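The structure under discussion appears below in the form of structure tokens.
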Amino acid sequence: LAGRDFHPEDTLVPVGELTIGGHQVHIIAGPCAVESREQLLETAMAVREAGATMLRGGAYKPRSSPYSFQGLAAKGLEFLAEAREVTGLPVVTEIMDPALVTAVAQVADVLQIGSRNMQNFALLQAVGRTQKPVLLKRGLSATIEEWLLAAEYILTEGNSQVILCERGIRTFETYTRNTLDLSAVPAVKHLSHLPVIVDPSHGTGRKFMVAPMARAALAAGADGLMIEVHPNPQEALSDGPQSLTPEQFARLVQEIRPIIAAS
Ligand code: PEP
Ligand code: MN
């Protein structure tokens, strides 16, 4: 169902009044994790002002260590709902547990499946049974074929609103957190009708590389970007080294305008 041969036209995924895919580029921005009401509201207002069209923020965080901050859970969802009310921005947030689909879907406009869960088939099927758009991140070590097959698990349950997100893969290179595979963008566009966005924050892990790779992603044909922004990256409870300040994010948005206009 994810293949171009099955469905030749590009799939457009409606999110509220927005459409992902097609001619408009969307920028999803916000903190890695929802840390407090103030942190989220401040970030949400700043990214909207700068030109973001959707808000991200994790309430349930898939941390490598069980001793790291795990997210504010239900409280985080509450703050996300408030941030949407205040800014009007649709909310993208990660879901890790099939048992929480109903609770998260009550708040989220887009359900995010993180890299670590790309092959959690029960979770894919659970979000496939909702009618919410799903943002499916590429697995840490997933081939493009495995990624599209993961999308297939969602589509076969009857949910056709899948947005793919390239976020870097594991290679031998250690200078960057992951190796952002921008060749996946034209590959996915060739193989599939689903929209594809790029996350240069997790893709590089280094803030100085986020803007150049964001520009490159759009030049490669991505339908949008996901960017981590924190009011005070040094104090962030997760992913500070790759998070932009609101000012740096505003500059990034200015830098990509000519690329969007030219495409
Ligand atoms: C995230 O976007 O919050 C995240 C955890 O990313 P990934 O699943 O790509 O590591
Ligand atoms: Mn993160």
When the residues of region 183-215 are filtered to those that are away from ligand 1 (no atom under 13 Å from the Cβ), free of Cβ contacts under 8 Å to residues at least 40 places away in the same chain and part of a loop (DSSP other than H, G, I, E, B), which remaining residue is surrounded by the fewest Cβ atoms within 10 Å (Cβ to Cβ)?
S183
Filtering region 69-121 down to residues that are of a type in the set (D, E, K, R), surrounded by fewer than 23 Cβ atoms within 10 Å (Cβ to Cβ) and in contact with a strand residue (DSSP E or B) (Cβ under 7 Å, 6 or more places away or on another chain) yields R84, D109
Checklist (1) part of a helix (DSSP H, G or I); (2) surrounded by fewer than 20 Cβ atoms within 10 Å (Cβ to Cβ) applied to L124, failing item:
(2)
Scanning region 151-187 residue by residue, those over 23 Å from M209 (Cα atoms) and touching a Phe, Trp or Tyr at 6+ places or on another chain (Cβ under 8 Å) turn out to be Y153
Tally up the residues in region 78-121 that are within 12 Å of the chain's Cα centre (by Cα) and of a type in the set (G, A, S), please.
2
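Mind checking which residues of region 1-35 are small (G, A, S) and either under 15 Å from R84 (Cα atoms) or in contact with a helix residue (DSSP H, G or I) (Cβ under 6 Å, 6 or more places away or on another chain) (or both)? Walk me through it before giving the result.
Step one: of region 1-35, the residues small (G, A, S) are 2-3, 16, 21-22, 29-30, 33.
Matches in region 1-35: A2, G16, A29, G30.
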Quick one: in region 216-253, which of the residues that are out of contact with any helix residue (DSSP H, G or I) (no Cβ under 8 Å at 6 or more places or on another chain) and farther than 27 Å from D10 by Cα is nearest to ligand 1 (Cβ to nearest atom)?
S238
For region 36-51, check the following and say yes or no: at least one residue is within 16 Å of ligand 2 (Cβ to nearest atom) and assigned to a loop (DSSP other than H, G, I, E, B).
no
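Considering only residues that are part of a strand (DSSP E or B) and among the hydrophobic types (A, V, I, L, M, F, W, C), look in region 1-35 and name the one that is farthest from A151 (Cα to Cα). Quick ask: steps written out before the conclusion?
Of region 1-35, the ones part of a strand (DSSP E or B) are 3, 13-15, 18-21, 24, 26-30, 33.
Adding the requirement that they be among the hydrophobic types (A, V, I, L, M, F, W, C) leaves 13, 15, 18, 20, 27-29, 33.
Details: V13: 14, V15: 18, L18: 21, I20: 16, I27: 22, I28: 20, A29: 23, A33: 25 Å.
Checked region 1-35; the qualifying residue farthest from A151 (Cα to Cα) is A33.
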Could you grab the pairs with beta carbons closer than 9 Å, sequence gap of 6+ or different chains, first residue in region 17-37 and on the phi > 0 side of the Ramachandran plot, second one within 16 Å of ligand 2 (Cβ to nearest atom) and of a type in the set (K, R)?
G30/R56
Need pairs with beta-carbon distance below 8 Å; first residue more than 24 Å from A99 (Cα to Cα) and within region 129-146, second more than 10 Å from ligand 1 (Cβ to nearest atom) and not in a strand (DSSP E or B); sequence gap 6+ or separate chains.
S141/R170; A142/Q119; A142/A150; I144/A184; I144/A187; I144/V188; I144/L191; E146/Q119
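Taking region 80-121 as the region of interest, how many residues are farther than 13 Å from I154 by Cβ, part of a loop (DSSP other than H, G, I, E, B) and either in contact (Cβ under 8 Å) with a residue 60 or more places away in the chain or not hydrophobic (A, V, I, L, M, F, W, C) (or both)? Spell out the reasoning first.
Pass one, region 80-121, residues farther than 13 Å from I154 by Cβ: 80-94, 96-97, 99-100, 102-109, 114-116.
Within this subset, residues satisfying the condition of being part of a loop (DSSP other than H, G, I, E, B) are 88-90, 96-97, 108-109, 114.
Next cut, either in contact (Cβ under 8 Å) with a residue 60 or more places away in the chain or not hydrophobic (A, V, I, L, M, F, W, C) (or both) only: 88, 90, 97, 109, 114.
Going through region 80-121 one residue at a time, the tally reaches 5.
What's the total number of residues in region 76-106 that are of a type outside the set (S, T, N, Q) and within 21 Å of T19 (Cβ to Cβ)? Steps first, answer last, please.
The first filter runs over region 76-106 and keeps only residues of a type outside the set (S, T, N, Q), leaving 76-86, 88-92, 94-101, 103-105.
Filter once more, keeping what is within 21 Å of T19 (Cβ to Cβ): 84, 88-92, 105.
The qualifying residues number 7.
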Scope region 60-79; condition more than 16 Å from ligand 2 (Cβ to nearest atom) and not in a loop (DSSP other than H, G, I, E, B); matching residues
A74, K75, L77, E78, F79
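Read-outs throughout are calculated quantities, based only on the coordinates presented, and are distinct from any laboratory measurement. Just so you know, these numbers come straight off a predicted model, no measurement behind them. Please note: Cβ atoms are built from the backbone with ideal geometry, for glycine as well, and neighbour counts cover all protein chains shown.
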